[in-house]
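Scroll down for the structure; my scribbles are underneath it.
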């Protein structure tokens, strides 16, 4: 029984270092949805040292800042669940008042048809912004 995040990238790789990676999730309803994934198979935040937790969360916050800069969402949702995939990762999800589930969580009951329009080349701009914020 393998681990989905050990065996696969978990999305389109947009940045990585030796401890974590940032991937863009292929979700047509939530463009810009990213995951920040710890490279090693670790289940809980408290399994990391204080320095590792600080580095990991700095990556999460950098991705949040990049999404805000490029896509201008109404809100950002941060989530670390891992019930089905017990490999440490954070979801960084841009939310809009007109998205499919707002104000409910994206895993909840849809409230409406989702609609989205984003600037041309937003993926390239997001990748560039993530890289600039994480080049330490």
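Of all residues in region 81-97, those satisfying the criterion of being touching a strand residue (DSSP E or B) at 6+ places or on another chain (Cβ under 9 Å) and either over 26 Å from residue 40 (Cβ atoms) or at pLDDT below 95 (or both) are 81, 82, 87, 94, 95, 96, 97.
Restricting attention to region 24-50, the residues that are surrounded by 16 or more Cβ atoms within 10 Å (Cβ to Cβ) and either in a loop (DSSP other than H, G, I, E, B) or without any contact (Cβ under 8 Å) to a residue 40 or more places away in the chain (or both) total 7. Scanning region 95-131 for residues that are free of Cβ contacts under 8 Å to residues at least 60 places away in the same chain and touching a helix residue (DSSP H, G or I) at 6+ places or on another chain (Cβ under 8 Å) yields a count of 2. So for region 76-89 (the condition being in a loop (DSSP other than H, G, I, E, B), crowded, with 20+ Cβ neighbours inside 10 Å and touching a residue at least 12 places away in the same chain (Cβ under 8 Å)), does at least one residue qualify? Yes, region 76-89 contains a residue that is in a loop (DSSP other than H, G, I, E, B), crowded, with 20+ Cβ neighbours inside 10 Å and touching a residue at least 12 places away in the same chain (Cβ under 8 Å). In region 115-127, is there at least one residue being surrounded by 15 or more Cβ atoms within 10 Å (Cβ to Cβ) and at pLDDT below 90? Yes, that holds for at least one residue.
The values are calculated or read from the model by the stated rules, or taken from the named source; none is laboratory data. Quick caveat, the model's predicted, so the values are computed rather than measured. With ideal geometry, Cβ positions are generated from the backbone for all residues, glycine too; neighbour counts draw on all protein chains shown.
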